[in-house]
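Every number in this text was worked out from the coordinates using simple rules, so none of it is lab data. These numbers come from a predicted model, not from an experiment. All Cβ positions, glycine included, derive from the backbone under ideal geometry; neighbour counts span all protein chains shown.
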Amino acid sequence: MSTEELTEEGFRQRHPLISIRNVSKVYESRTGPLHAVDRVTFDVTDGEFVSVVGPSGCGKSTLLMMIAGLFAATEGTLEIGGTRVTEPYTDIGIVFQQDLLMDWRDVMGNVLIQAELRRLRSADYIDTAKDLLASVGLAGFEDKYPFELSGGMRQRVALCRALVHDPKVLLMDEPFGALDALTRERMTYDLQRIWQASEKTVVFITHSIAEAVFLSNRIVVMSPRPGQIVEIIDVPIPRPRVIETQESAAYGRIVTRIHHLFRDMGVFT
């Protein structure tokens, strides 16, 4: 069954792919311990799109890096597919706010670096790379270099690079944060379409409440530091979501609910 057809109830009936239990992160600093994340617990179901929203400094990015195995949790456990994450997890793709493209490699070379780093045969992934680039409107740009691309085009290349090896999990850390509003909206539609076609499990970090509501099956709302879960909100809005979705009463109610949570936490004055 495609994600287009699967209801939120259907997602809840699937088995969790990512399991986060009582996870905390404390950094040692010059002035003493810095508590970034505090006792966070939630699951992400196989094929689900979950966004994490919260104010700056609440530990959203830290949480994502712990899921990836790039940061070690101070307390608690993280599992992907029933396996505890104790080192960098390989069956993932990651997209950051900065595209991190290599200026000396063309677009195809930047996408295929994912295969090279994993010691896979790059030639086997050329067709996949071309298909991904075409899916985000970059057919014919394979031999262009990053300096020849706009910011939105560069970030689309970064998304293709994260997906070319067909990972089970896609982690995204404010991937559209550096883009202008129109390009950001275009990328939002591109991502929804790619997710619906691929059924990837996505954890998406964003400051944008509207973006989170548009894209997600569920939204994890976090408090100011140390980041704790304030509420997990279902988004039972039919897909595919379109421009008119943002005018619907259901969409407006969820956006307003999250605004009220942040107001009550003192984020909005």
Please give the number of the condition E199 fails out of (1) acidic (D, E); (2) in contact with a Ser or Thr (Cβ under 7 Å, 6 or more places away or on another chain); (3) on the phi < 0 side of the Ramachandran plot.
(3)
Search result, residues across region 15-38 that are closer than 14 Å to I80 by Cα and exposed (fewer than 12 other Cβ atoms within 10 Å of the Cβ):
H15
Identify, please: which residue in region 91-121 is β-branched (V, I, T) and farther than 25 Å from A36 by Cα and is, among those, nearest to the chain's Cα centre (by Cα)?
V111
Does V203 meet the test of being closer than 24 Å to T41 by Cα, more than 13 Å from the chain's Cα centre (by Cα), buried (at least 18 other Cβ atoms within 10 Å of the Cβ) and among the β-branched types (V, I, T)?
no
Restricting to region 91-139, and then to whatever is among the acidic types (D, E) and within 26 Å of I67 (Cα to Cα), can you tell me which residue is surrounded by the most Cβ atoms within 10 Å (Cβ to Cβ)?
D99
Taking region 186-223 and keeping residues touching a helix residue (DSSP H, G or I) at 6+ places or on another chain (Cβ under 7 Å), closer than 23 Å to G57 by Cα and of a type in the set (S, T, Y) leaves T206
